[in-house]
Amino acid sequence: MSTHPLFIDNIAFAKKNERLTGSLTLANCPRLSELAQANSSKNPAEVVIDYVLEGKTDSVGQHLLYLSLTTNLTTTCQRCLSPMPLKLKLNYNYMIADIDADDVEDSDDVDLQEPSQTMDLIALIEDEIIMAMPIAPIHEEDCGEIVTQSGEKPNPFAALKGLIKP
Ligand SMILES: [Zn+2]
């Protein structure tokens, strides 16, 4: 489990209908680790991300990738500011195509992935989970007392005010 990084020749992978399963830990994903672990006492190396990557070539010769991710992270509830478990089960479909090609359309169901002999799977997994993290997670049940932020913390929107020109 320490043989990372993981680079995939994505066209070849799709052509051969390959399937790859494995697991990473947050120790492999420093950016995500920073985001997800700020309020957790768990060792990043013990937080596992399971993945399955499958390649397919469809009847019209388009190369496709399917990625499934499962992980249990800890985030911070934005209401009571205490740790909050976050279970993620994510699925992605990608079409491998040149992003600036005219005949491909990015749709809601399919994301584009540039053809690459060294597609960085760990970076892709990390990016997808970062984008799937809720911006303002709140406990659905058993939320603690509301914590009012002290006035010492700058309002994050205050900085924006100066940027908005009338
Ligand atoms: Zn809460």
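The values are calculated or read from the model by the stated rules, or taken from the named source; none is laboratory data. Computed from a predicted structure; not experimentally measured. Using ideal geometry, Cβ is built from the backbone for each residue, glycine included, and neighbour counts are taken over all protein chains shown.
Inspect all residues belonging to the stretch 131-146 and state whether any of them is among the small types (Gly, Ala, Ser), assigned to a loop (DSSP other than H, G, I, E, B) and either modelled with pLDDT of 80 or more or under 18 Å from Leu53 (Cβ atoms) (or both).
Initially, the stretch 131-146 is screened for residues among the small types (Gly, Ala, Ser), giving 132, 136, 144.
Cutting the leftovers down to assigned to a loop (DSSP other than H, G, I, E, B) gives us 136, 144.
So of that shortlist, the ones also either modelled with pLDDT of 80 or more or under 18 Å from Leu53 (Cβ atoms) (or both) come out as 136, 144.
Scanning the stretch 131-146 turns up at least one residue that is among the small types (Gly, Ala, Ser), assigned to a loop (DSSP other than H, G, I, E, B) and either modelled with pLDDT of 80 or more or under 18 Å from Leu53 (Cβ atoms) (or both).
Pairs linking a residue in the stretch 127-144 that is closer than 25 Å to Gln113 by Cα to a residue that is loosely packed, with under 14 Cβ neighbours inside 10 Å, with Cβ atoms under 7 Å and 6 or more positions apart or on different chains, are Ile130/Arg31.
Of all residue pairs spaced 6 or more apart or on separate chains, those with beta-carbon atoms under 6 Å, a first member in the stretch 24-41 that is at negative phi and at pLDDT below 75 and a second member that is part of a helix (DSSP H, G or I) and surrounded by fewer than 20 Cβ atoms within 10 Å (Cβ to Cβ) are Gln37/Pro44.
Take Ser116 and tell me if it is more than 16 Å from the ligand (Cβ to nearest atom) and either modelled with pLDDT of 85 or more or under 30 Å from Ser82 (Cα atoms) (or both). Can you show your working first?
Working: more than 16 Å from the ligand (Cβ to nearest atom): yes; either modelled with pLDDT of 85 or more or under 30 Å from Ser82 (Cα atoms) (or both): yes.
It is true that Ser116 is more than 16 Å from the ligand (Cβ to nearest atom) and either modelled with pLDDT of 85 or more or under 30 Å from Ser82 (Cα atoms) (or both).
With the requirement that a residue be under 21 Å from Glu114 (Cβ atoms) and of a type outside the set (Val, Ile, Thr), what does the stretch 30-61 give you? Those that are under 21 Å from Glu114 (Cβ atoms) and of a type outside the set (Val, Ile, Thr): Arg31, Tyr51, Leu53, Glu54, Gly55, Lys56, Asp58, Gly61.
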